[in-house]
Structures are given as C-alpha cells and as structure tokens.
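Here the structure comes first, spelled out in structure tokens, and everything after it is commentary.
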Amino acid sequence: MHMMTPRHDRRALSAQADTHIIFMNPCKPNGCKVTPGETDATKDTSDIASQTGTLGAWSYGDASWQKVMTCMKATFSQFNVQITDVDPGTTPHYEVMVAGSPEEIMGSQGFGIGGVADFPCQDIGVCDPYLPNALVFDFADVFGNDPTEICAVAAQEIAHTWSLDHVVDKTDPLTYNSYSGMRIYHDAEKCGSDCQGGKSPFGLTCSGTGGQATHTCSGNGKATQDEVKTILALFGPSGPPTPPTVAISAPADGATVTPLFDVVATATDSDGIDKVELRIDGSLIGSVTKPPFKWSAPGTLAQGSHTIKVTAYDVFGATADAQVTVTEGPACTKDGGCSGDDVCVDGKCVPGGGVPGGLGTPCTMDTECASMSCATDGSGTKVCVAPCDVNMMDGCPSGFSCLPAGNGGVCWPTGGDGGETGGCNAGSEDGSTLALIGLGFGAIVIAGRRRSRRA
C-alpha cells in the first residue's frame, strides 16, 4: 500500500520548480534519522513521521541499488531533472528515502504501508504545483530485493508532491495495480485503482470495482490527469525535442479517390505522441490523440485535386508533417468505379480481399485491417470488416451483406449469395441476435435474420 497525506499550509509558489535535483537516499551506511516536524528534505524532518526514528539502511547490495538508479534515470529521462544518490546537503532538492520499514518512523500507524508522501492540495483541485524540499518514503524492506518495484514506488511518491493522483493504468508508476515491467508516466490517465469501500483516499466517490475503479483526480478535479505535461511544466524537457516520424499510409500520393475517402497515418516519437491532425486544403478536419490515426474526408469536398496534410505533435510540442495530393472523382458503384483490388462500399472505394487487410480477409487484431476493425461472428471466424449504411440496399460488394451493428452496420461475408452466411456456425435458425466483436472496439450487437448453413 502506498499513501499520500494532504498538506493544509498553502505556499505562494511559481509553477516552475525551485530545484531539479531528486536525491535517491539509500540511507547507507548507518540508516537515516527522521524527526517529526514540517517536511524538509534538507533537515530530514517530516510531518509524516509520528515519532523520531531511524530507517534501516539499504541492505540488498550495490548491484541491486544500481538497478534502482538506472530505472529511475530511465523513468525521468524525458525531463530536465538530475537523479542522484549523492547527498545535496542544504541545497534545495527533492528526496526519496529508500530504506527501512514504515514502523520505524510511523509506529503501528505504518503497518502495511509501502510508500508515503505529502500531497500539496488543500481541497479537490486546489493545489500548489509542488512542495519545496519534499521528503517522501519508499520503504525498501517492504518490497525486498525488487529494484523495478522499488523504482516504481519512488516515482509514485515523488510525483504525489507535484499534485498527481493515483491512476488505473498498470503501466504507470502512479497505479496500485500490479505490473512486472518498468513503468512510465502518461497523459490523459484515468484516476483511480485505490478505492476502498467505494471511496478514494480523499473521500471521492468511485465508479467501478477492483483495480479498474475510477474517481475524480484530486489534483485537478477532472476525470483524467496529464502527468507528462505536469512534470514538464515544473522541469522542462531533458533537451531539445526531436520531431516525430509521420507518414500517410492511405491514400497514395497522386491517387484518384471517391467521396468520403479514408486518410490513414502512422506517427511515432520516442518521447510520446501528443496528437495528430488532418488538414485538407489547409482546413483542419480533425485531431486524434491515440492510434489508430484515421479520418474520413468530409462529404462536402468538391471533385478535383486536394492536398492532404497530416501533422504529428510530440509531448514537447515538436512537429512533423506528411503530405500527399489526390484527385476526388465521383462515387463508385457496386459494378465499378474502383481501381485495382479496391471494392465499393456505400459509394467509397476500400481495399478488397485481394490485398492484406482488405475487406473479408482473415485477421486477429484491428491493426491488421485497412479499416482498423477486425471482427468475429462468435464462431471463431475473424475477418476485416468495413462500416456500411443498413438503409442502402446495395451498399456492400458482391459476397457481403450490411448487417445492423450498433448505430450503423458492417459489411460481413455472406458466401457470395448476398443474404446468407456460409460455411460456419454464425447464428441460430430462429434469427436471434449475434455478437460481432470488433477487437479493440468492444462488443457490438448485430440483429437480423441470418441462418447458418451446416454441412
């Protein structure tokens, strides 16, 4: 269990931190004496301590300690901070005491606690940006010789002093959920994972159960928190940011496209992608913050030449562009209007079964499909599908039918006769509803009169 305790003494602080030093203190060789009082890392005093006590020194050897230090440096590599195990003395700094057990400074109140920190908030969303000379505790004896977990606890407790709450994502250091690898800070994370009896540690109402339970973020009063942006606001980036890598996967440069054509892009960055924007002829069409980076062109575009531009932004604001020029022609029909292996769905050309990821091709996950939607009919068959309008009689190509799904429909293989499923147990003879599960999109229930053909 990790804890954070609220601070009620507000301080007039600028948003920029007054120090960039994070001191990882193993309390070697004789332990660390901690005295109750106003928290101050330069004096080894803490209002968390209920008694004067000495934390036992790090006992797992130098090799294990270096693993902790390597992990912490990697966790903070994108930020302009100095991770050190050399005592800064009276120089302002943040400090994580990585040593001993909670009972040594908290008495019986410390039972079951793995880490603890002050929290710079006086009310929900009413917080100082940081606590000067914050001193937090990562009780190494609780975790044993587990450098990765000890690193995660250190990253969690020090982040609490910057008003960051617990989150649900198990790959984030601010979670209570179990994870075996190194954790990294994220943005737009849902707060939670720490609920007991339907309440958060600060008494906020939780929604959900177990490690997926969520609540309002104590630091900002919102459903999610921006960890990377918060830490960047305090310390800035570790160096000049490198631009992202961005490319337009579809359509190809010089292609002739049909109305409502899809634009698909890829974007990567070692520091993390913040958002990807699509512009057509200079006008912003939409912005996406997480893969897949995909849009449909507006139906108001006129036939003729258009410039497609995709811009990727990393978390530090560095940008990169990719651009193609296409010519929009008339809508396709079931009988023609598409080139190569493309097929027509509701007047729009989409990749057909002759290309990897095309309509009706086998798949195991969304990213294998050009439509970014892999689905199963519940029988074990998984194919790439495309959205369609159930009100159009001939919206899907030959061999497919548009089956109702959620608020729309999808083109699903029909064995070539345009109405019945073929070759697999896709439903029941009485026309009961079927589950078509888009991997990554959750379950969408389709209803309709479909019969299975059983050999």
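The values are calculated or read from the model by the stated rules, or taken from the named source; none is laboratory data. Note that the coordinates shown come from a computational prediction; the quantities given were computed from them, not determined experimentally. Quick reminder, even Gly has a Cβ in these numbers, built from the backbone with ideal geometry, and neighbours come from all protein chains shown.
Observations on the structure shown:
- Scanning the range 1-59 for residues that are of a type in the set (S, T, N, Q), at pLDDT 95 or above, surrounded by fewer than 18 Cβ atoms within 10 Å (Cβ to Cβ) and in a loop (DSSP other than H, G, I, E, B) yields Asn30, Thr42, Ser50, Gln51, Thr52, Ser59.
- Single residue of the range 190-208 satisfying the filter (part of a loop (DSSP other than H, G, I, E, B) and of a type in the set (Ser, Thr, Tyr)) that is surrounded by the fewest Cβ atoms within 10 Å (Cβ to Cβ): Ser200
- Qualifying residue in the range 99-115 (condition: part of a loop (DSSP other than H, G, I, E, B) and within 28 Å of the chain's Cα centre (by Cα)): yes
- Entirely in the range 266-384, the strands (runs of 3 or more DSSP E) that have 1 or more residues that are under 20 Å from the mean Cα position of the chain (by Cα) and surrounded by 20 or more Cβ atoms within 10 Å (Cβ to Cβ): 273-280, 293-296, 304-314
- Cross-chain or 6+ apart pairs with Cβ under 7 Å, the range 24-43 first and within 20 Å of Gln82 (Cβ to Cβ) and among the charged types (D, E, K, R), then surrounded by fewer than 18 Cβ atoms within 10 Å (Cβ to Cβ) and modelled with pLDDT of 95 or more: Lys28/Ala57
- Of all residues in the range 375-396, those that are farther than 20 Å from Asp262 by Cβ have Cβ atoms under 9 Å from Cβ atoms of residues that are aromatic (Phe, Trp, Tyr) and at pLDDT 90 or above, 6 or more apart or on another chain, in Asp377/Trp412.
- Condition broken by His186, with the remaining ones in (1) out of contact with any Cys (no Cβ under 9 Å at 6 or more places or on another chain); (2) over 29 Å from Ser59 (Cα atoms); (3) surrounded by fewer than 18 Cβ atoms within 10 Å (Cβ to Cβ) satisfied: (3)
- Residue match in the range 229-252 (condition: touching a Gly at 6+ places or on another chain (Cβ under 6 Å) and either in a strand (DSSP E or B) or closer than 30 Å to Gly125 by Cβ (or both)): no
- All conditions in (1) assigned by TED's automatic domain parsing to the domain that holds Leu131; (2) in a loop (DSSP other than H, G, I, E, B) hold for Gly211, with the sole exception of (2).
- The lone criterion from (1) under 37 Å from the mean Cα position of the chain (by Cα); (2) farther than 20 Å from Phe143 by Cα left unmet by Val34 is number (1).
- Consider the range 302-327 and keep the residues that are of a type in the set (D, E, K, R) and at pLDDT 95 or above. The one that is nearest to Leu232 (Cα to Cα) is Asp321.
- Taken over the range 119-155, the criterion of being in contact with a strand residue (DSSP E or B) (Cβ under 8 Å, 6 or more places away or on another chain), under 18 Å from Thr216 (Cα atoms) and not in a loop (DSSP other than H, G, I, E, B) is satisfied by Phe119, Cys121, Gln122, Cys127.
- Across the range 156-177, the number of residues qualifying as touching a residue at least 24 places away in the same chain (Cβ under 8 Å), of a type outside the set (Phe, Trp, Tyr) and part of a loop (DSSP other than H, G, I, E, B) comes to 11.
- Of the criteria (1) closer than 21 Å to Val68 by Cβ; (2) free of Cβ contacts under 8 Å to residues at least 24 places away in the same chain, which one Thr205 fails: (1)
- Being part of a loop (DSSP other than H, G, I, E, B), in contact with a Lys or Arg (Cβ under 9 Å, 6 or more places away or on another chain), among the acidic types (Asp, Glu) and without any contact (Cβ under 8 Å) to a residue 24 or more places away in the chain is not true of Asp187.
- Residues being in contact (Cβ under 8 Å) with a residue 12 or more places away in the chain and either within 23 Å of Pro92 (Cα to Cα) or part of a helix (DSSP H, G or I) (or both) - total across the range 60-70: 5
- Annotation note: of Thr307, Thr268, Thr325, Thr300, the sole residue that is out of contact with any strand residue (DSSP E or B) (no Cβ under 8 Å at 6 or more places or on another chain) and either farther than 28 Å from Asn391 by Cα or free of Cβ contacts under 8 Å to residues at least 12 places away in the same chain (or both) is Thr300.
- The residues listed here are Gly236, Gly254, Gly198, Gly181; of these, the one that is of a type in the set (Gly, Ala, Ser) and either under 19 Å from Leu164 (Cβ atoms) or touching a Leu at 6+ places or on another chain (Cβ under 6 Å) (or both) is Gly236.
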